[in-house]
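Asks: Have a look at this one before I ask anything.
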Amino acid sequence: MVRTANWIGDAVMTLPALMAVRETYPEAHIAVVANPLVAQLLENHPGCDEIIVYNKRGEHSGIFGMLRFAFALRRRKFDCAILFQYAIEAGVMTFLAGIPRRLGFTTDGRRFLLTHPVPFGETEKTIHQTDAFLRIVNHYDIIAADKVQALALLEEERIWAKEQLPEGPVVVVNPGAAYGSAKRWYPERFAAVADFLVSEYGMIPVLIGGPGEVEVGNDIAAIMQSPVLNFVGKTSVRQMMALIDSASLMVTNDSGPMHVAAALKVPIVAVFGPTNHTTTSPFTENYRIVRHDGGCSPCMLRECPTDHRCMDSVTVDDVIEAAKSLLLEIA
Ligand code: SF4
């Protein structure tokens, strides 16, 4: 049993570690425990044979929901639990599920719940998150030949995306960030960058985002000079993945969809502010990070307590220049 991470972006960054489990134990039945959104992300992925949905906002809410879930897991008689989630809850759940081997970082005071602990120190805090997840499994000789961070899409999902979009190069604009407003660059600046890409490169702008980002999507659509396809709040995770997969470029905040684009090998221009641009950069070759160090970054806060200078100092021209240089490089 693999307890994966709760955020889409983190779950993407666990994929090389998940594939290491698959490669080391090709005969194993790998069941991944995931929340409903991450469960969609992992559908049809070669690293898992089964996805078990753990819905803390629904049927498994509260302490009794977790206990019911843990005792349901107990009936499955798993041999080993690998915890990519850092919280003590994952340790408690797998302990109560009676899983005899429990492997994970010694985070959140859960060392006593693990049979196979992995030390979490300064190195794990400062290396790329993808490599940190790999250290969990590598510590116990679960190793893959390559670091493969890829997502699986079905042909019918690609066809669905194709049907939604006119012919031509697509730029996906992702103006949200589920983590909080501190991570968000500004709608009028995204709009200006998208308008530039339409006028200079003939790109088709497509807005994506979750239900909590509808307002920002509508703002951008209203500000833009060019027509835009606005899918914010209108797609499932799988549909969003298919739209990203069809793109020639993504312009984004540091967010889950950014990591999805990296896994789908879509070139990325990402604006970073309060988050760490070295530990959570896109795990891919073709990307540009645009950021300015205002002296307080990375603060890792969800809301900015000051003047949001980390984002405010990133101009439209900065992002356009990054996009131009990336497009030139991959042409
Ligand atoms: S405190 Fe600094 S790094 Fe954090 S959001 Fe505000 S301006 Fe950005």
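The values are calculated or read from the model by the stated rules, or taken from the named source; none is laboratory data. None of the values given here were measured: they were computed from a predicted structure. When we count neighbours, we look across all protein chains shown, and the Cβ atoms used for this are built from the backbone with ideal geometry, even at glycine.
Asks: Do we have any residue at all in region 299-314 that's within 10 Å of the ligand (Cβ to nearest atom), part of a loop (DSSP other than H, G, I, E, B) and polar (S, T, N, Q)? Steps first, please.
Replies: At the first step, the residues of region 299-314 found to be within 10 Å of the ligand (Cβ to nearest atom) are 299-313.
From the residues that got through so far, the ones that are part of a loop (DSSP other than H, G, I, E, B) too are 299-308, 313.
Then drop every residue that is not polar (S, T, N, Q), which leaves 306, 313.
For region 299-314, residues within 10 Å of the ligand (Cβ to nearest atom), part of a loop (DSSP other than H, G, I, E, B) and polar (S, T, N, Q): present.
Asks: Just to be sure, is ASP318 within 16 Å of the ligand (Cβ to nearest atom), surrounded by fewer than 22 Cβ atoms within 10 Å (Cβ to Cβ), closer than 16 Å to ARG189 by Cα and of a type in the set (Asp, Glu)?
Replies: On the way: within 16 Å of the ligand (Cβ to nearest atom): yes; surrounded by fewer than 22 Cβ atoms within 10 Å (Cβ to Cβ): yes; closer than 16 Å to ARG189 by Cα: yes; of a type in the set (Asp, Glu): yes.
Criteria met by ASP318.
Asks: Sort through VAL260, VAL266 and tell me the only one that's assigned to a loop (DSSP other than H, G, I, E, B), outside the structural domain of PRO36 (by TED's automatic domain parsing), closer than 22 Å to ALA161 by Cβ and touching a residue at least 12 places away in the same chain (Cβ under 8 Å).
Replies: Working: VAL260 fails: assigned to a loop (DSSP other than H, G, I, E, B).
Among VAL260, VAL266, only VAL266 is assigned to a loop (DSSP other than H, G, I, E, B), outside the structural domain of PRO36 (by TED's automatic domain parsing), closer than 22 Å to ALA161 by Cβ and touching a residue at least 12 places away in the same chain (Cβ under 8 Å).
Asks: Turning to a different aspect of this structure: Collect the residues in region 168-206 that are modelled with pLDDT of 95 or more and exposed (fewer than 15 other Cβ atoms within 10 Å of the Cβ), keeping them in residue-number order.
Replies: Within region 168-206, GLY168, PRO169, GLU188, SER199, GLU200, GLY202 meet the criteria.
Asks: Tell me the residue from ASN276, ASN253 that is more than 10 Å from the ligand (Cβ to nearest atom) and without any contact (Cβ under 8 Å) to a residue 40 or more places away in the chain, please. Write out each step before concluding.
Replies: Details: ASN253 fails: without any contact (Cβ under 8 Å) to a residue 40 or more places away in the chain.
One residue alone meets the criteria, ASN276.
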